[in-house]
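Peer 1: Questions regarding the structure given below will be posed in turn.
Quick note: the coordinates plus some simple rules give every number you see, no bench work behind them. Everything quoted here is computed from the prediction, not taken from an experiment. We place every Cβ from the backbone using ideal geometry, glycine too, and count neighbours over all the protein chains shown.
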Amino acid sequence: MQKHETHIGVEERVARATALFKEGYNCAQAVVMAFDDVMEMSPEMLAKITAPFGGGMGRMREVCGTVSGMTFLAGAIAPAVNPQNLSERQANYALVQQFADSFRKENGDIICRKLLGLDAATESKETPMPSQRTTEYYRKRPCVEYVGCAARIVAEYLLNGK
C-alpha cells in the first residue's frame, strides 16, 4: 500500500469537497476532486473521468456517487496494477470495502435511491437530466452531507492509515 503524504487536514478536505458540490459538480466529482493531489491529476481531468458516477451511476440511483468516488480514490491509495499480484488486489478490495462499510455505518446504506428515500414509483420517473441546484434542492437533498462524509472518511484514512 502506498503511503500518501498529505498536509491537507480533514476539515479542509471536507470543505473542499462540499464547496465543489455546491459549485455544481456531482457527488462523485466533488469527492474525488478534493483529493486531486493524491490522485496526481488535474481537477479538470478528474471531473471528466468521474462525471458518469454521479447520481448513483448516471442518475440510475444505484451505488451512491460519493461511495464510487471513495472507490475511485482507493485505486490511488492502494493500487492494484499487476493482475497477477493478488495481494495488491486484496489490499485494494479491502480498502474499498472499508470505505463502503464506514459510509454504510454512518448513513444506513450505500445505494443512492435508498439514501434519498426514493421508491419504485419515483424511481421510474427519473431521467438523465440532472436536478437544478436551487435552494429547494439543497433543502430536500442530503447529498452535500454525504459528500462531506465520504471526503472525511478518506481524509481520516490518509491521516491515520486506517
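Peer 1: Within a 10 angstrom radius of the beta carbon, how do 49, 153 rank from fewest other beta carbons to most?
Peer 2: 49, 153
Peer 1: On to the next question. What's the center-to-center distance, using Cα atoms, between region 125-162 and region 26-101 in Å?
Peer 2: 14 Å
Peer 1: Give me the net charge of residue 36's neighbourhood, meaning all other residues with Cβ under 12 Å from the Cβ of residue 36; Lys, Arg count +1, Asp, Glu -1.
Peer 2: -1
Peer 1: Filter the trypsin sites (Lys or Arg not before Pro) in region 1-108 to those in DSSP coil with at most 10 other Cβ atoms within 10 Å of their Cβ, and list the result.
Peer 2: Here the trypsin sites (Lys or Arg not before Pro) that fit, given the DSSP loop and packing criteria, are 3.
Peer 1: May I pose another question? Among [x] 17.3; [y] 16.3; [z] 15.9, which is the computed Kirkwood radius over Cα pairs in Å?
Peer 2: [z]
Peer 1: Do the sum for the chain: with -39,500 (n - 2.57) for every DSSP H run of n ≥ 4, divided by all residues, what is the mean residue ellipticity at 222 nm, to the nearest 500 deg cm²/dmol?
Peer 2: -18500 deg cm²/dmol
Peer 1: At a threshold of 8 angstrom on Cα-Cα distance, excluding pairs fewer than six apart, so keeping six or more, what relative contact order does region 10-160 reach in percent?
Peer 2: 32 percent
Peer 1: For a quick check: with amide H placed at 1.01 Å from N, whose amide H comes under 5 Å from residue 63's, ignoring anything fewer than 5 positions away on the same chain?
Peer 2: Answer set, sorted by chain and number: 112.
Peer 1: A further question on this structure: Give me the distance in nm between label points sitting 7 Å out from Cα along the Cα-to-Cβ direction at residue 86 and residue 51, one decimal.
Peer 2: Output for this residue pair reads 4.0 nm.
Peer 1: Most mobile of 136, 23, 62 per a Gaussian network model of the chain (Cα springs, under 10 Å)?
Peer 2: Taking springs between Cα atoms under 10 Å, the residue moving most is 136.
Peer 1: Taking only Cα atoms and a 10 Å spring cutoff, compute GNM fluctuations for the chain and point out the largest among 128, 79, 43.
Peer 2: 128
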